[in-house]
Amino acid sequence: MRKAEVVLDVIRDRGKRGLNLENVYRQLFNSALYLEAYARIYRNDGAMTKGMTQETADGMSVGKIEGLIDLVRHERFRWTPVRRTYIPKANGKMRPLGISTWSDKLLQESMRRLLDAYYEPQFSDLSHGFRPGRGCHTALHRIYKTWKSVKWFIEGDIKGCYDNINHEVLLSILHEKIHDGRFIELVRGALQAGYAEEWDWRPTYSGTPQGGIFSPILSNIYLDKLDRFVEDVLIPRYTRGKERRFNPEYIRVISRMTSLKKRGCMTEWHQTRKGLRHLPSRDPYDPDFRRLQYIRYADDFLLGFAGPRAEAEDLDYQRTHGNGEVPRVRGGRVGLHHPSVGQRTDRIATPSGRAEEEDRRVPSCRTASPPLHPNAQQRL
């Protein structure tokens, strides 16, 4: 058997080149993959937590790995229903958590590494949840560095995302690139293993078990369709213009400053210069400029839009109701924000329009500072 890293490197290379993956089920016969999986999960807090059986990480041996491989090789492995428990959430509610048996955890980690090696190079750069080297801080850093001139924010939270993932849709997405029926059926068995609550077994018709080791990678594979839809359809549709035109009022004030300086009116020049700091150099109401930004962390996403409120509301409506072009996850919470408003609201006052331009003529030096746009928006 080849080393696990060699196998993962080959799979990773196929993912980078966009090639289909075949005969991946056979890689689960490699004992080195399970040994590395054991090294990654035996230190977890839940390694000694029992599922539906008494089996834990304690007493692990090579013999157990060989027995597990034998069951997988002859397609006799059966997933054990997870034991459901509840943990408190930050908002005071309870979150369901599924606890798998140790053998199931070991196999899930081995499968997760195979899936992660193949799909990670293909995931959108705008996704930051449950990915190596990414997290909340990388998402915030991207927003800080690249979201320029954003005027409206559309926040979305897919309610009950992991509990409502459609099994058939997820399996069909996997089947698009993984041409191995045995591996797909193994994933299907894990999704439909059910759970036990108070020793009462219940089937699972949708969703991935929260607490499952390979649930995050499966949800990312599912939600990657959303990322691609936004990147390939929504962003091109709501993006136009290379850059904003110069703000006419800004140009007018610059001309006034030049005139004041030529006549030696330095007091008024300094006052006008201070007022210039509150004006954007580019026109925030340019009708030929639009920008749409997008970022996602797990089941939370954020859209940033530079444009009028009417188009932002249209975008909000499309995101809330969908249009059949992307697999829909039921439920959700979407809200429209403006960066100048401190709290969330659905009734936001539209920013004020342009003020009337002042007479461009400056007949003499005056002590009063020139009137500027009273509600000028700073460039964001």
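Since every read-out is calculated from the coordinates, none of them should be taken as a lab result. Because the structure is predicted, anything quoted here is derived from the model rather than measured. For neighbour counting, all protein chains shown are included, and Cβ atoms are generated from backbone atoms with ideal geometry for every residue, glycine included.
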*How large are Rg and Dmax for region 163-257 when only the alpha carbon atoms are used, in Å?*
24.2, 80
_Just to be sure I understand the model, the point goes 7 Å from the Cα along the line to the Cβ. What's the resulting ASP163 to ARG202 distance in nm?_
0.9
*Starting with the highest mean, order 267-273, 18-24 by the number of other Cβ atoms within 10 Å, averaged over the residues of each peptide.*
267-273, 18-24
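Which FRET efficiency value, to the nearest 0.05, is calculated for GLN192 and ASN23 with the Förster distance at 30 angstrom and r the Cβ-Cβ distance? Could you put the intermediate results ahead of the total?
On the way: r = 24 Å, r/R0 = 0.80.
Computed FRET efficiency for GLN192 and ASN23: 0.80.
With +1 on each Lys and Arg Cβ and -1 on each Asp and Glu Cβ, how big is the dipole of region 70-181 about its Cα centre, in debye rounded to the nearest 20?
Details: 19 positive and 13 negative charges, 114 e Å.
In total the dipole reaches around 540 debye.
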*Calculated log₁₀ intensity ratio I(q)/I(0) where the Debye formula runs over C-alpha points of region 119-217, q = 0.12, 0.14 Å⁻¹*: -0.57, -0.74
*How far, in nm, would the chain grow between THR49 and ARG134 when pulled straight, counting 0.36 nm per residue and subtracting the alpha carbon separation?*
27.8 nm
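What do you get for Rg/Rh over region 183-231 if you use C-alpha atoms and the Kirkwood form of Rh? All intermediate terms of the calculation are to be shown ahead of the outcome.
Details: Rg = 13.3 Å, Rh = 12.3 Å.
Reported Rg/Rh (Cα atoms, Kirkwood Rh): 1.08.
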*With the cut-off at 14 Å, report for region 205-253 the share of all Cα pairs above it, as a whole percent.*
71
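Among the listed pairs LYS50/LYS159; LYS151/LYS242; LYS89/LYS159; LYS93/LYS159; LYS16/LYS225; LYS16/LYS177, which have their C-alpha atoms separated by more than 22 angstrom in this model? Can you show the working numbers first?
Details: LYS50/LYS159 29 Å; LYS151/LYS242 17 Å; LYS89/LYS159 14 Å; LYS93/LYS159 14 Å; LYS16/LYS225 18 Å; LYS16/LYS177 13 Å.
Over 22 Å apart, Cα to Cα: LYS50/LYS159.
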*Rg to Rh ratio, region 12-101, alpha-carbon atoms and Kirkwood radius?*
1.06
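Computed over the Cα atoms of region 216-316, what is the ratio Rg over Rh, Rh following Kirkwood?
Numbers: Rg = 21.1 Å, Rh = 16.9 Å.
We get a ratio of 1.25 for region 216-316.
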*asked:* Just to be sure I understand the curve: with the Debye formula and one point per C-alpha of region 69-181, what is log10 I(q)/I(0) at q = 0.14, 0.15, 0.16, 0.18 Å⁻¹?
replied: -0.95, -1.07, -1.19, -1.38
_What percentages make up the Cα-Cα pair-distance distribution of region 1-41 when the bins are 10 Å wide from 0?_
27, 51, 21
*Intensity falloff of region 125-183 expressed as log10 I(q)/I(0), Debye formula with alpha-carbon point scatterers, at q = 0.16, 0.18, 0.24 Å⁻¹*: -0.82, -0.92, -1.07
